[in-house]
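Q: Let me give you the structure first, and then I'll get to my questions.
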Ligand SMILES: Nc1ncnc2c1ncn2[C@@H]1O[C@H](COP(=O)(O)OP(=O)(O)OP(=O)(O)O)[C@@H](O)[C@H]1O
Ligand SMILES: [Mg+2]
């Protein structure tokens, strides 16, 4: 067994109402790897994130998910989290009556104060706030990042951590990702931001439920900007162009 | 010295916390068991009169004009025997420009078959403010019939904030009925939180009448049900004057079992410049909330508990 491989997805399909949302996904994430995933809206990035986390309604139609050498395809969300996987949603859930302090104290390996400081929120002002809709969207997303940091997972899936966050605060997210890496976590980073996507050397391009390519970040982004942005179809990519990547 | 007072304060100590405030000479308070007033403490600007009535006590509370009572006034009502009927008929008058906060604790720890009737009238004169928080501590099995009723009127520029909480022990049969009239620029927020178990039967009716211009109000309820508990929630706001604003918010969560819930928000407006909104939801614990907590490594049951505790907090 290759201990360098943290997550392996093998021949994974996901089908809803006869429609293939994900098709023959094969993907490996190494220990400590930061792996950005890019792709136009509706290509299946969040679906893949949900399947890896094991959310209800997201059981693969076919294929296996292996984590730390163990087949986790049939495990519950809790069991996966206990093995070290966590997910920060594209739009995080709100909780009526749960305070930030309490939320950041669930299985935490870092103090809530430290975690808040990391995401640029003053603990004095935020610790006793409730995680309801009185928090702005950006504040809520930062708290989600703080919670991910504080549980020190082996694998974290960040689904568009930059959406709804002002450009000036982009550095905060990048810092969080570097800190995660420093702590030994692997990161799957779903993003539409070029700056985010180029945080790693390699990235994954998804199109219409497929992984088109995993490869050199700069080349793939260039390809994406040339071909994907204006592409209406989707699915077929000129093999020649693809092979140049 | 007073055996019943000792027993009530003992229970208070265990369930709620230190009794020093409850018995402090500088804090307004009244302690009642069955139909007897066990202790009473008036402070500057706070007057409490009482009379014995059939099966209970009639209380009149006045807070004088321009008086600000900073420490909460404690109302502690209990039934030490396991069976019986208790009627508390209260009238609360908050005079002009006064401020007061009441903390009411109702203790029915020994209840096997108890009927508890609370008929309240609340009057706020102009520019007054009253905060009223009531929490019930029922026994875990036993039949408790609770009838909290409030008729209220809030003067111009006045503010009433009311919260009723019954999350400890069996809710039993509870029938809440609030009717509050609001005058110009007044505001009123009422909140009811109940945890229903076994065969509990919960009825909540919260009605606000925004009769004066710029009056605003919220009628909120949070009910969590398990087992065979039942709840019917009716939240009503009527915008009867220009620039009034109101919001009815009923949320019922069935977290387990064969519980039954219904919600009926009723909003009406008879002035084009009034804006009243409502939201009502009945459902299981929100899936995304649940899975977010599970993704932090806690079990489904623990996650449900945390969410339910949050809703009822
Ligand atoms: N439960 C579902 N039922 C039906 N269709 C679904 C369901 N979940 C996802 N889809 C569809 O699957 C496709 C992929 O959705 P997904 O949310 O994974 O896209 P995405 O790549 O994350 O897009 P975005 O960049 O907009 O976030 C979309 O066409 C979506 O409508
Ligand atoms: Mg998405």
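The values are calculated or read from the model by the stated rules, or taken from the named source; none is laboratory data. The structure presented is a predicted model; accordingly, all values stated were derived computationally and were not measured. Note that we place each Cβ from the backbone using ideal geometry, even for glycine, and neighbour counts take in every protein chain shown.
Q: Looking only at the range B:20-56, which residues are surrounded by 19 or more Cβ atoms within 10 Å (Cβ to Cβ) and farther than 20 Å from residue B:100 by Cβ?
A: B:33, B:38, B:56
Q: Spot the failing condition for residue A:49; the list is (1) within 14 Å of chain B (Cβ to nearest Cβ); (2) surrounded by fewer than 17 Cβ atoms within 10 Å (Cβ to Cβ); (3) touching a strand residue (DSSP E or B) at 6+ places or on another chain (Cβ under 6 Å), and only one is missed.
A: It fails just one condition, (2).
Q: Continuing with this model, one more query. Starting from residues that are surrounded by fewer than 17 Cβ atoms within 10 Å (Cβ to Cβ) and assigned to a helix (DSSP H, G or I), keep the ones in the range B:273-313 and report whichever is nearest to the other protein chains (Cβ to nearest Cβ).
A: B:288
Q: I'd like the full set of residues that are buried (at least 18 other Cβ atoms within 10 Å of the Cβ) and assigned to a strand (DSSP E or B), limited to the range B:57-69.
A: B:57, B:59, B:61, B:62, B:63
Q: Consider the range A:25-50. How many of its residues are more than 12 Å from ligand 1 (Cβ to nearest atom), within 18 Å of residue A:88 (Cα to Cα) and part of a loop (DSSP other than H, G, I, E, B)?
A: Final tally of qualifying residues: 2.
Q: Which condition number does residue A:75 fail, the rest of (1) more than 16 Å from ligand 1 (Cβ to nearest atom); (2) part of a strand (DSSP E or B) being met?
A: For residue A:75, the failing item is (2).
Q: Sticking with this one: If I go through the range B:27-52 residue by residue, how many of them are part of a loop (DSSP other than H, G, I, E, B) and within 16 Å of residue B:116 (Cβ to Cβ)? Full working, then the answer.
A: Here is the first cut: in the range B:27-52, the ones part of a loop (DSSP other than H, G, I, E, B) are B:27-28, B:34-35, B:42-45.
Checking the rest, the ones that are also within 16 Å of residue B:116 (Cβ to Cβ) come to B:34-35.
Adding up the residues that qualify gives 2.
Q: Go through (1) away from every other protein chain (no Cβ under 14 Å); (2) more than 20 Å from residue A:15 (Cβ to Cβ) one by one and return the number of the condition residue A:26 breaks.
A: The number of the failed condition is (2).
Q: Give the range A:123-139 a look and list any residue that's farther than 20 Å from residue A:177 by Cα and assigned to a helix (DSSP H, G or I), or say none.
A: A:123, A:124, A:125, A:126
Q: Could you identify the single residue in A:163, A:147 that is away from ligand 1 (no atom under 16 Å from the Cβ) and either within 14 Å of chain B (Cβ to nearest Cβ) or in contact (Cβ under 8 Å) with a residue 40 or more places away in the chain (or both)?
A: It is A:147.
Q: Can you name the residue in the range A:78-117 that is under 22 Å from residue B:313 (Cα atoms) and not in a loop (DSSP other than H, G, I, E, B) and, of all such residues, is nearest to ligand 2 (Cβ to nearest atom)?
A: For the range A:78-117, the residue satisfying everything is A:103.
Q: Residue A:81: crowded, with 21+ Cβ neighbours inside 10 Å and at the interface with chain B (Cβ under 10 Å from one of its Cβ atoms), yes or no?
A: On the way: crowded, with 21+ Cβ neighbours inside 10 Å: yes; at the interface with chain B (Cβ under 10 Å from one of its Cβ atoms): yes.
Spelling it out, residue A:81 is indeed crowded, with 21+ Cβ neighbours inside 10 Å and at the interface with chain B (Cβ under 10 Å from one of its Cβ atoms).
Q: Just to be sure, is residue B:269 under 23 Å from the mean Cα position of the chain (by Cα) and at pLDDT 95 or above?
A: Here the answer is no, as residue B:269 does not meet what is asked.
Q: What single numbered condition from (1) more than 20 Å from residue A:176 (Cα to Cα); (2) away from ligand 1 (no atom under 11 Å from the Cβ); (3) touching a residue at least 24 places away in the same chain (Cβ under 8 Å); (4) over 16 Å from the mean Cα position of the chain (by Cα) fails to hold for residue A:103?
A: Status for residue A:103: all satisfied but (1).
Q: State yes or no: is residue A:120 closer than 26 Å to residue A:31 by Cα, more than 14 Å from chain B (Cβ to nearest Cβ) and part of a loop (DSSP other than H, G, I, E, B)?
A: no
Q: Tell me the residue from A:25, A:38 that is crowded, with 18+ Cβ neighbours inside 10 Å and within 13 Å of ligand 2 (Cβ to nearest atom), please.
A: On the way: A:25 fails: within 13 Å of ligand 2 (Cβ to nearest atom).
From the options A:25, A:38, the qualifying one is A:38.
Q: To continue, here is another question. For residue A:57, state whether it is within 15 Å of ligand 1 (Cβ to nearest atom) and under 30 Å from residue A:17 (Cα atoms).
A: Values: within 15 Å of ligand 1 (Cβ to nearest atom): yes; under 30 Å from residue A:17 (Cα atoms): yes.
Yes; evaluated as a whole, the condition is true for this residue.
Q: Quick check on residue A:80: is it touching a helix residue (DSSP H, G or I) at 6+ places or on another chain (Cβ under 7 Å) and either more than 16 Å from ligand 1 (Cβ to nearest atom) or on the phi > 0 side of the Ramachandran plot (or both)?
A: yes
Rundown of residues vs (1) away from chain B (no Cβ under 14 Å); (2) free of Cβ contacts under 8 Å to residues at least 12 places away in the same chain, yes/no style:
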{"site": "A:57", "(1), (2)": "no, yes"}
{"site": "A:66", "(1), (2)": "yes, no"}
{"site": "A:88", "(1), (2)": "no, no"}
{"site": "A:96", "(1), (2)": "no, no"}
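Q: Of everything in the range B:119-136, what is closer than 17 Å to residue B:202 by Cα and surrounded by 21 or more Cβ atoms within 10 Å (Cβ to Cβ)? Give them in sequence order. Spell out how you get there, then give the answer.
A: Restricting attention to the range B:119-136, the residues satisfying the condition of being closer than 17 Å to residue B:202 by Cα are B:134-136.
Once the filter is applied, which keeps residues that are closer than 17 Å to residue B:202 by Cα and surrounded by 21 or more Cβ atoms within 10 Å (Cβ to Cβ), the range B:119-136 yields only B:136.
Q: Just to check your reading of the model, which residue among A:189, A:158 is within 13 Å of chain B (Cβ to nearest Cβ), surrounded by 21 or more Cβ atoms within 10 Å (Cβ to Cβ) and not in a loop (DSSP other than H, G, I, E, B)?
A: After ruling out the rest, the residue left standing is A:158.
Q: Residue by residue through the range B:221-257, note down the ones that are within 14 Å of chain A (Cβ to nearest Cβ) and within 24 Å of residue B:273 (Cβ to Cβ).
A: Within the range B:221-257, B:247, B:249 meet the criteria.
Q: Give the residues of the range B:82-94 that are surrounded by fewer than 20 Cβ atoms within 10 Å (Cβ to Cβ) and at negative phi, sorted by residue number.
A: Of everything in the range B:82-94, those that are surrounded by fewer than 20 Cβ atoms within 10 Å (Cβ to Cβ) and at negative phi turn out to be B:82, B:83, B:85, B:87, B:89, B:91, B:93.
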